[in-house]
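*Asks:* Starting off with a structure, shown below.
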Amino acid sequence: MKYRKNLKKLLVYLLLIIISGLFLIPVLWIVLSSLKTPTDLYKWPPSLFPKEITFVNFETAFKKGNFGVYFYNTTVVTILSTIITLIINTMAGYALAKYKFYGSNLILIGFLSTLMIPLEIIMIPIFIVIRTLGLYNSLWGIIIPPAATPTGVFLIRQYLLGVPDELLEAARIDGASEWRLFWNIIVPIAKPVISVLAIFSFMWRWNDFLWPLIVISDPQKYTIQLAISNFIGEFNVDWPSLIAMSVISMIPVLIVFLIFQKQLVKGIVTSGLKE
Amino acid sequence: MLKSRKVLYIILSVLLIFTLIMGGCSSTKSGSNSSSSNAPSETAKKVKLDFVWFTDGVEGKVMKEIIADYQKEHPNVEINLIEVPYDDLEAKLKTMITGGKPPALARVTNPGAFASAALELTPYLGDKDTFMSQFLDGLKYYCIVDNRLIAAPMEVTANGLIYNKTLFDKAGVKVPQSPDEVWTWDEFAAAIKKVMKDGGAKYGVVWDFTPHRWTTLLYEFGGSIFNQDATDTNINKPEAIEALNYFKKLVDEDVVAKAVWLGGENPNNLFRSGTAAAHLSGSWMIANYRDTIKNFEWGVTYLPKAKIRSSVLGAKFVMAFKNSGVEKEAGEFIKYLASKEIDDKYVRESLFLSPRKNPDVTYDFGTEMFKVFSNELAVSPPAASYDWSRQDIIPKFTSDLKAAVVEVLQGKKTAKEALDHVAELAREAIKEAQQNK
């Protein structure tokens, strides 16, 4: 009996390991490829493991651009934009979930409908707004506009709908102000979903490409994604540098994910549980 | 009550600190390059020119050196090279132009797409016909649009044949050494078969999977995509059908590798791996192959001929834009770039083909190869330049042309059926372009 149970467990684990291996192959491949010499990289048929491990691709890539500055810029943009996103999205989501006011549904629908408009369509109008505000070619120009993410508002609103009104009523009877309600009750309750949003927002801003491409013109203000895509020309792609820099740019996202992952799992579990 | 305020204060002050840090950083970094209109800086009238650029190889580095030289001579000018990926160049430029903030300069492959926003360059470069007369004839279709000179050529590309010298030597096959010895396609097919049999090449010719490279054969068979003024298409004329049937024959006999046109393999990788006899590509591969091929010898030889010899001309240009506020400085910089001395330096160091007639550039690497490519361009018919200069029409049906070629290779359609269909789409595209004018 116990033997069969263990066997079943073993099979399940084996299957899981194989599947996760499949998902890991692309990541593994790019990491290993970044350690190959350029000639080795173009070898046909390709091999997974480098013949000899070398960091020459990283060296050439770092010589080709000011990658320290690009990483700094991307970090500043990502962190600031994520902080702003978290604050305004939590507030908006809370208001839409818990305050009943005339037209609140209309506002929600308004938010949601912006999800269906791709950036390419509204690019020029936003560009004109940015230029008029004097944010063109400044990091603020890529921090502020993308910080307003309707997905975040929706995510938080849906989560907070599950918080019983009685809880807020009780706090109000005890004399808590609306601000205190928000900071001391709503924010702690919403921690899992805020973590989820933090990871998403970090990933989105870290990988943003089109909008920074449009707004930023000064090479000193380039983000990492802009710099990486400049390795792509009309006829040629500088694969060795491109792969090396992509590997480095994966690291921060990985770190953020590791920090928030417990919350993320919890968030996914609890956001599925409604009363 | 008190605590909630405290939290609010903390958050606000954190934000404030961040803002200050940010402000501090950006001011130290951008202090010197704030735009000319609102910041009169130390030197009396310093102007900044934004130059939108994309990079294929080392030419970005070369251009930065040229810019540094120019800035030394003109201390009041600062040129800011904005590098963008080639695929997003058009999006970036169009947004900047439509958004009312056009750059001073840009490197482009199709100046015609930006004709309405382009700065007329005759005040800087002189009479348009005299200026263009020093360049390859085909370039005027790109640079003179609606009778205005809107761009200056910087370099050209030519389609051509790169071969694996090691495999050819092993098979004992000699390539033509001069334009007089050029192969016919049948002779070439026999040579490739010999290299595959005796030289051990796994693939014959890896032929770039693009409609642009395919048309090399079209022009050699005397065909073309458009008639002389692009009011109609020639794509289903007998010459084109003959060219496509011949291409199918080459593929059926494995002279042209099926792996690329029917198997989706990357021809550059196949050639680099040393298993392909030859690569039908173009002059832009020279710098790349110099750096990435270490384990065999390769070279460039003349394309075989059909009815005539032909390559296909491609080119890159610099252009300036209206309403940038620095039109005069931009025009003068283009004059500097287009001068023979500077442009020769640019193409020599970037390993590009010179856009000039009878170029006399000596390269550190592959001067002989560049001579072959230049010779190919010199003998190409006007249609091979004109067709591809019509970037207002041609992109609308080139993917259909590619699909049509594939369908014929797969045996799903005859050459006539497939090309009749492309001709229909081409005529629609022509009509559309005429209505837009």
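*Asks:* Under DSSP H, which helices of chain A have Cα atoms covering 27 Å or more of the helix axis and a Kyte-Doolittle average no less than 0.0?
*Replies:* Membrane-span-like by this rule: A:2-34, A:67-98, A:239-271.
*Asks:* While we're here: Given chain B, report the % of alpha carbon pairs whose separation exceeds 38 Å.
*Replies:* In whole percent, the share of Cα-Cα pairs in chain B beyond 38 Å is 32.
*Asks:* Using Cα atoms only, what is the angle between the long axis of helix B:59-73 and the major principal axis of chain B, expressed in degrees (0 to 90) to the nearest 10?
*Replies:* Taking Cα atoms only, the helix is inclined about 50 degrees.
*Asks:* While we're here: As I understand it, the dipole of the range A:57-271 uses +1 on the Cβ of Lys and Arg and -1 on the Cβ of Asp and Glu, about the Cα centre. Which of A:Trp239, A:Leu96, A:Gly65 lies farthest toward its positive end?
*Replies:* Of A:Trp239, A:Leu96, A:Gly65, it is A:Leu96.
*Asks:* Something else about it: Equivalent ellipsoid semi-axes for the range B:174-292, as square roots of 5 times the alpha carbon gyration tensor eigenvalues: give them largest first, rounded to whole Å.
*Replies:* Calculated on Cα positions only, the semi-axes equal 26, 17, 15 Å.
*Asks:* Using the Cβ atoms and a cut-off under 12 Å, what net charge is assigned to the surroundings of A:Phe127, where Lys and Arg are +1 and Asp and Glu are -1?
*Replies:* +3
*Asks:* Here is a further query. Please compute the net charge surrounding B:Tyr219, taking Lys and Arg as +1 and Asp and Glu as -1 over other residues with Cβ under 10 Å from its Cβ.
*Replies:* Computed value for this residue: -1.
*Asks:* Based on Cα positions only, what radius of gyration and what Dmax would you give for the range A:57-271, in angstroms?
*Replies:* According to the Cα coordinates of the range A:57-271, Rg and Dmax are 20.1, 69 Å.
*Asks:* Let me know the Kirkwood hydrodynamic radius for the range A:124-201, please, with Cα pairs as the basis and the value in Å to one decimal.
*Replies:* Mean inverse Cα-Cα distance, inverted, gives 15.1 Å.
*Asks:* Might you report the magnitude of the Cβ-based charge dipole of the range B:187-304 about its Cα centre, with Lys and Arg at +1 and Asp and Glu at -1, to the nearest 20 debye?
*Replies:* 460
*Asks:* Still on this model: For chain A, with the dipole built from +1 on Lys and Arg beta-carbon atoms and -1 on Asp and Glu ones, taken about the Cα centre, which of A:Ser20, A:Gly162, A:Val193 lies farthest toward the positive end?
*Replies:* Toward the positive end, the furthest listed residue is A:Ser20.
*Asks:* What dipole magnitude, in Debye to the nearest 20, does the protein assembly as shown give about its Cα centre under +1 on Lys/Arg Cβ and -1 on Asp/Glu Cβ?
*Replies:* 2900
*Asks:* Moving on to the next point. Projecting each Cα onto the charge dipole of chain B (Lys/Arg +1, Asp/Glu -1 at the beta carbon, about the Cα centre), which of B:Tyr302, B:Asn245, B:Ala257 comes out farthest on the positive side?
*Replies:* Of B:Tyr302, B:Asn245, B:Ala257, it is B:Ala257.
*Asks:* How large is the dipole of the range A:1-115 about the Cα centre if only Lys and Arg carry +1 and Asp and Glu carry -1, each at its Cβ, rounded to the nearest 20 debye?
*Replies:* Using only the charged Cβ atoms, the result is roughly 740 debye.
*Asks:* A further question on this structure: Compute the whole-percent fraction of alpha carbon pairs in the range A:1-54 spaced more than 15 Å apart.
*Replies:* 60
*Asks:* Too long at a 27 Å Cα-Cα cut-off: which of B:Lys248/B:Lys357; B:Lys197/B:Lys305; A:Lys36/B:Lys194?
*Replies:* The pairs that break the limit, which is 27 Å between Cα atoms, are B:Lys248/B:Lys357; A:Lys36/B:Lys194.
*Asks:* In addition: Relative contact order for chain A: what is it in percent, counting Cα pairs under 8 Å that are at least 6 residues apart?
*Replies:* Relative contact order of chain A: 28 percent.
*Asks:* Quick one: what does P(r) look like for the range B:298-418 with 10 Å bins over all Cα pairs, in whole %?
*Replies:* Per 10 Å bin, starting at zero, the Cα-Cα P(r) for the range B:298-418 comes out as 11, 26, 32, 21, 9, 2 percent.
*Asks:* Give, as a single signed number, the net charge of other residues whose beta carbon lies under 15 Å from the beta carbon of B:Glu407, with Lys and Arg counted +1 and Asp and Glu -1.
*Replies:* That sum, taken over residues with Cβ under 15 Å, equals +1.
*Asks:* Would you compute the Debye intensity of the protein assembly as shown from its alpha-carbon atoms alone, equal scatterers and no solvent, and pass along log10 I(q)/I(0) at q = 0.07, 0.08, 0.11 Å⁻¹ to two decimals?
*Replies:* Listed by q, the Debye log ratios stand at -0.62, -0.78, -1.26.
The numbers here are math on the coordinates, done by the rules we state, and not lab data. As the structure is a prediction and not an experimental result, all values here were calculated from the model. For neighbour counting, all protein chains shown are included, and Cβ atoms are generated from backbone atoms with ideal geometry for every residue, glycine included.
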